[in-house]
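Read through the structure below, which is laid out as structure tokens, and then see the notes.
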Amino acid sequence: MKSGAVVICVVIGFLFGVGFYHWVVLRGQFPNFNSYPQFFQVSSTLNLNKAISTQSATKSPHDNKCLESYFPVDEVVKGALLQDDPRLLTFIRQNYLHPPSVPAQPYNLTSNVEDTSMGQTKMVLRALNHARNGFFVEAGALDGELRSNTLMLERQFGWNGLLVEGDPKNYALLLQKYRKAWSTPACLATRDQPHQVLFEQAFNRGRISPRNMKQRMQQAEFRSTPPPGTTLSQCFPIFSLLAALNVTEVDYFSLDVEGAEIDVLSYIPFHRVRIKVLSVEFLHTPGGREALRKMMVSKGYRVFGEVRDPRHNWANDIIFIHNSLVP
């Protein structure tokens, strides 16, 4: 009996010590921790990627708790924080940014094709006078290789950047390519605050589901059991992701998010971040290419060219360049 009591006391003491240690660590990372009780768990990027890579659309309600534990529920998921809120930027840095692979790590690619894009990369290089060491953002990065608009920039021209992929299945594949760029397992927000969406998992046709009705997203049973073929994905404003990286100038922004392009672009504060060249898919955009053109002209851009693939519809992009770069 005495030995059993000793064991119990040791276990209780250990658990108390671990709890106190984590309390001290959290207090150090978040000085106002007591005012943010919904931070259930502050994970390392590695742990987050492990959780993301094991997700599936058929996960049980209990599995979803693992994903939700990484969110400050009241402030991030429900969108209470604006896109430049320091608390949001800290949360993104600690939980949603995976660093570039080290230069010594070889790529793990399925082919040795120099230009994996459908022509976007070479047109962007022409627009930027074949600039080296630039910074890109590729939203809809897929697996980081197939029809990538940025892989050639990274491998041949020394660029760095940010790869954005909201489908956890694709993101797990992307990590295996050992890209020399930052990456995030998130989607781009269609408003100026973070929010969650249903994401249809369809490899290169993946997109934010049109079933994202506000009243349904607020139902607890719906959030815990996404319909088959979908997953719950966290979205952040592109400005928040860039601010978390301390980036204020983007040389090239590749935006291919299967219909949400105008919504994403509408909430970029172009007066706070300079984007030189963009390629934007218009095939699924409401209003089509003309609606997209009008909006970008109003933001200070002009059309530099188009990349089309009528045969397979693998490319339906307009290339925009900022007016300040045109003589």
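Values as computed for the structure displayed
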quantity: HN-Hα J in Hz across the stretch 240-245 - Karplus 6.51, -1.76, 1.60, θ = phi - 60°, x for Gly and Pro; calculated: 5, 5, 5, 5, 5, 8
quantity: Charge dipole (the stretch 237-327, unit charges on Cβ, about Cα centre) - positive-most of Phe320, Ile268, Gly300; calculated: Gly300
quantity: Computed E for His284/Ser111 - FRET, C-beta separation, R0 30 angstrom, nearest 0.05; calculated: 0.65
quantity: Neighbour-count ranking [beta-carbon atoms within 10 angstrom, fewest first] of Glu281, Glu114; calculated: Glu114, Glu281
quantity: For Glu258, Glu165, order by how many other beta-carbon atoms lie within 10 Å, fewest first; calculated: Glu258, Glu165
quantity: Three-way shape call for the stretch 123-196 based on the alpha-carbon gyration tensor, with the a/c threshold at 1.5; calculated: oblate
quantity: Extension gain (nm, one decimal) between Arg93 and Arg274, 0.36 nm per residue minus Cα-Cα; calculated: 63.1 nm
quantity: Least to most buried among Tyr252, Tyr267 (fewest other Cβ within 10 Å first); calculated: Tyr267, Tyr252
quantity: Simple label model, 7 Å out from Cα along Cβ direction - Ala291 to Thr248, nm; calculated: 3.4 nm
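Values quoted throughout were computed directly from the atomic coordinates according to the rules given, and no laboratory measurement underlies them. Small disclaimer: the values here were computed from a predicted structure and weren't measured. Neighbour counts are summed over all protein chains in view; Cβ atoms, including those assigned to glycine, are modelled from backbone coordinates with ideal geometry.
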